[in-house]
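Everything on this sheet refers to the single structure shown next.
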2 protein chains.
Amino acid sequence: MNRIDLFKKIQDKKSFLCVGLDTDPSKIPSHLLKTTDPVFEFNKEIIDQTAEFAVAYKPNIAFYEALGPKGWESLQKTLDYIPKEIFTIADAKRGDIGNTSGLYAKAFFETMDFDSITVAPYMGVDSVKPFLEFENKWVILLALTSNEGSADFQLISSQSGKPLFQEVLEKSSKWGNPDNMMYVVGATRGEKIAEVRKIVPEHFFLVPGVGAQGGSLEDVAHFGMNSHCGLLVNSSRGIIYAGNDKDFAKLAGLEAKKLQLEMEKLLSKYL
Amino acid sequence: MNRIDLFKKIQDKKSFLCVGLDTDPSKIPSHLLKTTDPVFEFNKEIIDQTAEFAVAYKPNIAFYEALGPKGWESLQKTLDYIPKEIFTIADAKRGDIGNTSGLYAKAFFETMDFDSITVAPYMGVDSVKPFLEFENKWVILLALTSNEGSADFQLISSQSGKPLFQEVLEKSSKWGNPDNMMYVVGATRGEKIAEVRKIVPEHFFLVPGVGAQGGSLEDVAHFGMNSHCGLLVNSSRGIIYAGNDKDFAKLAGLEAKKLQLEMEKLLSKYL
């Protein structure tokens, strides 16, 4: 999916919602545990009820990897089940030397058919470029994350006075372009989103940290939206664990709808 | 395996060799391709011929992940086949926010039973600590890698004049200790290894980049060895692809032996 298609989808659905499929077997309602693949059954029902309101799905790969080969099968089935018109993100935070990154790209873009993957920048250019060689696929590079540890290195100022995340943005934006790269930008501080937006005006941001992690959707839109929206805002736990009984998916759908309605307002306010 | 056991093993075997199992299906000798699991059959023969000379095995997870669920099964079988007295490294370069890193730790330390995993530091303390909560397990944190892109961010100087890799070493060495953390330190520049050794005198280094990537074993030992050896030097391609016919494993064994003999000399020279 290219940037224009993604923007069209956002306009059609009046939503820039990404639903995070962080599916934890210990949180799956008990009536699904008797099925042969509870993780997939859970995701299937969540997708059925939220697809109308979402423009992207983001399975967090750790949740599937922790289950061994069976987890990868649940992931593949989930990916196959997501409607083709919806953008898919493998939240995998991969990144290694060139030939190894090439194999991670193969894992997520060929063996599986994700539209995009999150990548960690620490190893530099040759750890990122192999992912960019796949047509119509996207790298979503970690820039400024929303967790406690983001301050440890991402905010360290270099001798030129620039924090590391700015060095990452400036350098990496030359490796690709706004049509094959996005950035992970945490939502916990509105003014930081504004700083990032100034450095990379055209790129999409994948924004975690709204809801459970404490960010405000209004701030994200105010400081981060560009003329192509430029935002995918993720919610995981707040949606998929809205309920824990037979009506879990229906409740998830209601939470997704609630966010979509907020996003609809913000799109008409800022776009 | 703890640090004392690892050092004992190094003394017993007169080797600090780590064999990298970067098993690429396109490079497996054709007579193995008819077996039900060529990747495992390849690894099994390599392990049979190299175990005598190696103190560690390091499967590069990307190679298995690229094959889908079947790849994970080959990986599990390989791990089960490695003799229990040999240290195992999941070269996975994982790292994410706390609960997600916890799941990656579960994947590699519980679902599978690796002794250690390589981790990327970009997301800071809460992306690394969950791995350190597992007893007798190790984090091998990326510090200074040997690839081209290592200069992009790892060598940027902060306002205090320290390059990023030094900030990573100084901060992260307080999160764990030399008994549950090691560092990835590239071998391409001897004086850099000396710099790192000064900052973290006690920690083990996992050193890629000898052989195919161009580093010298003599330099690594000269600049990197400490009183507990403190080095695991990896060779992947140079060993496992020494041959590509029926005698591939025997040739791999000879290459491993050659490195072991060099290491034996270096151990008596520098230890």
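The values are calculated or read from the model by the stated rules, or taken from the named source; none is laboratory data. Source: prediction; values computed, not measured. So basically every Cβ, Gly included, is an ideal-geometry build from the backbone, and we count neighbours across all protein chains shown. All accessible areas refer to the heavy atoms of the entire protein, side chains included, with ligands and DNA or RNA removed. Shrake-Rupley method; radii C 1.70, N 1.55, O 1.52, S 1.80 Å.
List of remarks:
- Qualifying residue in region A:225-232 (condition: open to solvent by 50 Å² or more (accessible area, probe 1.4 Å) and either closer than 23 Å to B:ASN99 by Cβ or in a helix (DSSP H, G or I) (or both)): no
- Only one of B:GLU135, B:GLU170, B:GLU218 that is assigned to a loop (DSSP other than H, G, I, E, B) and of a type in the set (Asp, Glu): B:GLU135
- Residue count, region A:204-224 (criterion: β-branched (Val, Ile, Thr) and open to solvent by 10 Å² or more (accessible area, probe 1.4 Å)): 1
- Taken over region B:116-129, the residue count meeting the criterion of being open to solvent by less than 10 Å² (accessible area, probe 1.4 Å) and more than 8 Å from chain A (Cβ to nearest Cβ) is 4.
Table: residues versus (1) open to solvent by 20 Å² or more (accessible area, probe 1.4 Å); (2) within 28 Å of A:PHE134 (Cβ to Cβ); (3) acidic (Asp, Glu); (4) modelled with pLDDT of 95 or more.
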residue: A:PRO178; (1), (2), (3), (4): yes, yes, no, yes
residue: A:VAL184; (1), (2), (3), (4): no, yes, no, yes
residue: A:THR188; (1), (2), (3), (4): yes, no, no, no
residue: A:ALA194; (1), (2), (3), (4): yes, no, no, yes
residue: A:GLU202; (1), (2), (3), (4): yes, yes, yes, yes
residue: A:ALA256; (1), (2), (3), (4): no, no, no, yes
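- Test: residue in region B:52-60 that is in contact (Cβ under 8 Å) with a residue 24 or more places away in the chain, under 24 Å from B:ASP245 (Cβ atoms) and within 14 Å of chain A (Cβ to nearest Cβ): yes
- A:ILE156 being touching a strand residue (DSSP E or B) at 6+ places or on another chain (Cβ under 9 Å), of a type in the set (Val, Ile, Thr) and under 23 Å from A:VAL19 (Cα atoms): no
- For region A:106-115, filtering for residues that are under 21 Å from A:ALA143 (Cβ atoms) and open to solvent by 10 Å² or more (accessible area, probe 1.4 Å) leaves 1.
- A single member of B:LEU75, B:LEU132, B:LEU103 is of a type outside the set (S, T, N, Q), open to solvent by 10 Å² or more (accessible area, probe 1.4 Å) and either more than 7 Å from chain A (Cβ to nearest Cβ) or under 17 Å from the mean Cα position of the chain (by Cα) (or both), and it is B:LEU132.
- The condition (being touching a residue at least 12 places away in the same chain (Cβ under 8 Å), of a type in the set (A, V, I, L, M) and touching a strand residue (DSSP E or B) at 6+ places or on another chain (Cβ under 9 Å)) is satisfied by just one residue among B:LEU142, B:LEU103: B:LEU142.
- Residue that is open to solvent by 10 Å² or more (accessible area, probe 1.4 Å) and without any contact (Cβ under 8 Å) to a residue 12 or more places away in the chain, where the choices are B:LYS34, B:LYS44: B:LYS34
- Residue in region A:26-39 that is more than 11 Å from every other protein chain (Cβ to nearest Cβ) and under 20 Å from the mean Cα position of the chain (by Cα) present: yes
- Some residue of region B:242-261 being in contact with a Phe, Trp or Tyr (Cβ under 9 Å, 6 or more places away or on another chain) and assigned to a loop (DSSP other than H, G, I, E, B): yes
- B:GLY98 meets the conditions (1) more than 11 Å from chain A (Cβ to nearest Cβ); (2) modelled with pLDDT under 95 in every case but one. The failed one is (1).
- Any hit, region B:89-98, residues being at negative phi and open to solvent by 20 Å² or more (accessible area, probe 1.4 Å): yes
- Residues of region B:6-24 that are open to solvent by 10 Å² or more (accessible area, probe 1.4 Å) and closer than 18 Å to B:GLU264 by Cα: B:PHE7, B:LYS8, B:LYS9, B:GLN11, B:ASP12, B:LYS13, B:LYS14.
- Any chance B:PRO29 is farther than 27 Å from B:LEU231 by Cβ, open to solvent by less than 40 Å² (accessible area, probe 1.4 Å) and not polar (S, T, N, Q): yes
- Of the numbered criteria (1) open to solvent by 20 Å² or more (accessible area, probe 1.4 Å); (2) more than 11 Å from chain A (Cβ to nearest Cβ), the one B:PRO69 fails is (2).
- Hey, A:LYS171 without any contact (Cβ under 8 Å) to a residue 40 or more places away in the chain, open to solvent by 30 Å² or more (accessible area, probe 1.4 Å) and within 11 Å of chain B (Cβ to nearest Cβ) or not: no
- Consider region A:135-158 and keep the residues that are open to solvent by 10 Å² or more (accessible area, probe 1.4 Å) and either within 21 Å of B:GLY124 (Cβ to Cβ) or among the hydrophobic types (A, V, I, L, M, F, W, C) (or both). The one that is farthest from the other protein chains (Cβ to nearest Cβ) is A:LEU155.
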